[in-house]
Amino acid sequence: MTTVTAQTPADWPATEERARAVQDDLRVRVVLDEPGPPPGTGRVTGVDVAYDDERDVVAAAAVVLDAATLTVVAQAKAVGRISFPYVPGLLAFREIPTVLAALDALPCPPGLVVCDGYGLAHPRRFGLASHLGVLTGLPTIGVAKNPFTFAHGEPDPPRGSTSPLLDGAEEVGRAVRTRAGVKPVFVSVGHRISLDNACAHTLALAPAYRLPETTRRADALCREALRAATYSA
């Protein structure tokens, strides 16, 4: 498996104002009325990123799993320059060029894409999962380790319990208990999937650990790519 080099597009936003304008333009293209693929069928791909700010390098990984068996079907790595400064709410602009390069390097279609982050559970309702879904046309979900700025009640202790992730009265996602008695993960729709189905996929992908296998495997691979990176431009 080789590591491809990601390039930041020439028209990539360079300012917060421009990035927010791009979010506004793309957000209206999010599709919320499709159920998405059934859990446990087809392929599902985890994507994740890791940074070395001192070297100005970001690495991304895409790992394709068979949804029924959770075995690895394919994987790809990409490295590039960090494409945007750190600004809360605009993290997708730091990650997407390299994530897209990793997805493009896969030898097979990715199917459903699971992001380590947010979709609609985002202050502007357009986190990484939604942004990536709109750009690629793929069904996407966000599975985050924390609830960002949103409120939630504790799900009941058994595995599979959920509680709404709320912005006021609006449900923007759900806290999902993937292991009994263990801190939940926070699931939100990205693009072309229902919230019920996104939660069902998350549980199917996490039979033994708190985090989905997609996230666990992509995290390990992107950190490996970052350690080995000799990227220069």
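The values are calculated or read from the model by the stated rules, or taken from the named source; none is laboratory data. From a predicted model like this one, the values you see are computed outputs, not experimental measurements. Methodologically, a virtual Cβ is constructed for each residue, glycine included, from the backbone with ideal geometry; neighbour enumeration extends over all protein chains shown. With ligands, DNA and RNA removed, areas are computed over all heavy atoms of the protein, side chains included. Shrake-Rupley method; radii C 1.70, N 1.55, O 1.52, S 1.80 Å.
Couple of notes before you dig in:
- If the condition is being in contact (Cβ under 8 Å) with a residue 40 or more places away in the chain, hydrophobic (A, V, I, L, M, F, W, C) and closer than 16 Å to L32 by Cβ, then region 182-233 contributes V187, V189, I193, A198.
- Test: R124 is open to solvent by 60 Å² or more (accessible area, probe 1.4 Å) and under 25 Å from P9 (Cβ atoms): yes
- Filter result for the condition that a residue is within 18 Å of V189 (Cβ to Cβ), without any contact (Cβ under 8 Å) to a residue 40 or more places away in the chain and of a type outside the set (S, T, N, Q), over D33, D11: D33
- Looking only at region 112-130, and only at residues there that are of a type in the set (G, A, S) and in a helix (DSSP H, G or I), the one that is nearest to V22 (Cα to Cα): S130
- Single residue of L211, L132 found to be within 14 Å of the chain's Cα centre (by Cα), buried (at least 24 other Cβ atoms within 10 Å of the Cβ) and of a type outside the set (D, E): L132
- Only one entry of I193, I141 meets the criterion of being assigned to a loop (DSSP other than H, G, I, E, B), surrounded by 19 or more Cβ atoms within 10 Å (Cβ to Cβ) and β-branched (V, I, T), and that entry is I193.
- Residues that are out of contact with any Leu (no Cβ under 8 Å at 6 or more places or on another chain) and farther than 20 Å from L203 by Cβ within region 35-57 comprise V49, D53, E54, R55, D56, listed in sequence order.
- Which numbered condition T214 fails, given (1) at positive phi; (2) part of a helix (DSSP H, G or I): (1)
- Scope region 167-188; condition open to solvent by 60 Å² or more (accessible area, probe 1.4 Å) and either of a type in the set (G, A, S) or part of a strand (DSSP E or B) (or both); matching residues: D167, G168, A169, E170, E171, A180, G181
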